[in-house]
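Peer 1: Below you'll find the structure I mean.
Quick note: the coordinates plus some simple rules give every number you see, no bench work behind them. What you see is a predicted model, and the numbers here were worked out from it, not measured in a lab. Backbone-built Cβ (ideal geometry, glycine too); neighbour counts: all protein chains shown.
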Amino acid sequence: MAIHETEERNGKLRTVMKLAPGERVALCRCMRSAEFPFCDGTHKSIEGSAGPAIVEALETTPDEGATDE
């Protein structure tokens, strides 16, 4: 699963995630997940239209992103 770390910066919580290539996670947007910052489906039982944000780390090859100088 994604490695994540939450820290306080300027009085606000900030979460940084690291995903392995090809890894996919669902992030909570309703702010009520017991597994926050990950979605646990709580949004299905509350009023509103917020669902999860799906984030996927793309798989890359060694030469992708390389620059020719």
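Peer 1: About its Cα centre, how strong a charge dipole does the range 5-64 have in debye, to the nearest 20, once Lys and Arg get +1 and Asp and Glu get -1 at the Cβ? Show your work: numbers first, answer last.
Peer 2: Values: 8 positive and 11 negative charges, 82 e Å.
Charge dipole, the range 5-64, about its Cα centre: 400 debye, nearest 20.
Peer 1: Please give the per residue volume of the convex hull enclosing the alpha carbon atoms of the range 1-40, rounded to a whole number of Å³.
Peer 2: On the way: hull volume 3.1 nm³, N = 40.
Measuring per residue, one finds 78 Å³ for the Cα hull of the range 1-40.
Peer 1: Between [x] 14.2; [y] 18.6; [z] 11.8, which entry matches Kirkwood radius over Cα pairs in Å as derived from the coordinates of this structure?
Peer 2: [x]
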